[in-house]
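To keep things clear, I will list the structure first and then write my remarks on it.
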Amino acid sequence: MSDLFLRVKPTLYAQLLLRPRFSATRQASSDVYEGRVKAIGPDGWVPHANLVIRSGSKTTVLTPRKPTKMDIQPGALLDSEGNLVYTKMDNHDTRITKIMSLVKTPSKTGQLMLLEGLRLIREALEARCQMEYLLFSRLKEVSTLKPFLPSKGRLYKMPYREMQVWSDLTTTPGVMGIFQIPLPGWVEARHPLPITVICDNVREPGNVGAILRTCSGVGCYQVILTKGCAHLWESKVLRSACGAHFRVKTTPNLQWEKIAEQLPPGAHVFIADNNSVSATSGGVKSVRELAANIPVLSYSAVNFKGAGHVVLVIGGETEGVSAEAYNLASRFNGARINVPLSNGVDSLNSGTALGVVAFEVKRQLTKQRLCLM
């Protein structure tokens with residue numbers, strides 16, 4: 001074997017160990033080599049796109065074995081003794097790339113969502129979201145999810161460093177869940193207040209998440225996101241919402257002409273307005289004319305109890321409130337409401353402004369319910 005030379009991409013000194021990891025795909029003789037390469041490096045086993053083995057007149061190219069369908073089929077997650085049943089993956093396992101590409105590929109982001117951390121994953125499981133994969137690095141942590149796991153699924157243990165590569169966070173929590181994105185409006189809250197919140201072109205993911213969290217805390221009936229808002233199921237929205245996706249009815253990417261159909265009869269539309277119109281709202285003059293025909297009230301002076309169903313429209317900090325929102329308000333007994341500010345502050349963060357107004361609506365409606373009891 002002294003004339004055996006190994007060339008690996010990237011170039012590494014390596015020795016061939018006879019283990020069933022690679023299979024020959026091209027060779028000059030009838031000999032077949034199956035093996036695994038251990039290279040000199042910090043993590044021992046390393047990835048290799050092609051391994052060329054030359055011995056005399058023989059030339060063999062070895063490539064990693066592709067996972068079969070059986071490698072990714074769902075199975076029982078617990079054995080007869082209640083222990084987790086999982087598959088262990090090494091560094092640079094090709095299955096890791098295959099799994100993560102399902103949620104990282106832009107064409108598939110509307111089908112799957114990535115949840116990181118035990119809390120978000122547990123809430124998704126409690127909400128009966130369909131789990132596709134559960135990836136973890138430490139068995140002790142993921143064991144706390146046993147009571148919530150479905151009967152079948154795909155459970156993989158992977159190295160922490162490998163998980164850090166794919167994580168959207170600065171420091172990965174060590175557990176990831178990949179779930180099917182539910183259908184719009186799938187959540188039905190118990191005893192919600194008659195409040196609908198419309199996000200009008202709110203593009204900042206953190207603001208969308210904060211709005212969802214506020215609406216969940218208030219007990220709103222539903223949240224509607226217009227076209228142009230941040231993606232409802234992207235990772236930053238999921239993290240900032242802290243599980244609100246699974247507690248409040250949400251309909252994303254809705255056109256304005258469809259929004260009126262989602263509102264119940266007798267609804268009153270209130271626009272959270274800072275008395276200014278953004279130059280990016282489109283048709284500034286026409287927007288100002290529409291806004292001028294709608295009365296402006298302080299949020300604390302509005303009698304929300306007599307509104308039937310309260311619709312709150314909150315605009316993005318950059319785009320402002322659109323002309324379509326003012327048109328909707330003029331059709332549904334609308335008013336512009338604002339929060340009085342001091343010390344030269346001219347506006348609030350979208351999530352903060354909504355929180356101030358929404359909890360005032362909640363206070364009035366809750367007081368009305370108590371009086372009727």
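Quick notes
- For the range 193-219, backbone nitrogen atoms closer than 18 Å to the point 7 Å from Glu234 Cα along Cα-to-C-beta are found at 199-213.
- For Tyr133, distant residues with modelled amide H under 5 Å away: Ile178
- About its Cα centre, the dipole of the range 69-180 is roughly 120 debye, where the only charges are +1 on Lys and Arg Cβ and -1 on Asp and Glu Cβ.
- Here the spin labels are modelled as points 7 Å beyond Cα on the Cα-Cβ line, and at Arg288 and Val165 they lie 5.6 nm apart.
- Cβ-Cβ FRET estimate between Thr105 and Ala260, R0 fixed at 51 Å, reported to 0.05: 0.90
- 3J(HN,Hα) from dihedral phi, the range 305-311, Karplus parametrisation 6.51/-1.76/1.60, rounded to Hz, x for glycine, proline: 5, x, 8, x, 10, 8, 10
- Inter-probe distance in nm under a simple model that places probes 7 Å from Cα toward Cβ, at Asn303 and Lys152: 6.0 nm
- Phi-based couplings in Hz for the range 75-82 (Karplus 6.51, -1.76, 1.60; Gly and Pro marked x): x, 4, 8, 10, 7, 5, 9, x
- Distant-in-sequence amide contacts of Ile271, defined by a placed amide H-H separation under 5 Å and a gap of 5 or more residues or a different chain, comprise Val313, Ala335, Arg336, Ile337.
- Amide H within-cut-off set for Gly316, under 5 Å, with H built and near neighbours excluded: Asp200, Val202
- The GluC sites (Glu not before Pro) of the range 131-231 that meet both conditions, a loop assignment by DSSP and at most 15 other Cβ atoms within 10 Å of the site Cβ, are Glu188.
- Rounded to whole Hz, the Karplus (6.51, -1.76, 1.60) HN-Hα couplings of the range 134-145, x for glycine and proline: 10, 10, 8, 10, 10, 5, 4, 6, 6, 5, 5, 8
Taken together, the values in this text are just the output of simple stated rules run on the coordinates, not laboratory data. For clarity, every value in this text was computed on a predicted model and none was experimentally measured. Here the Cβ is made from the backbone with ideal geometry for all residues, glycine too, and neighbour counts use every protein chain on show.
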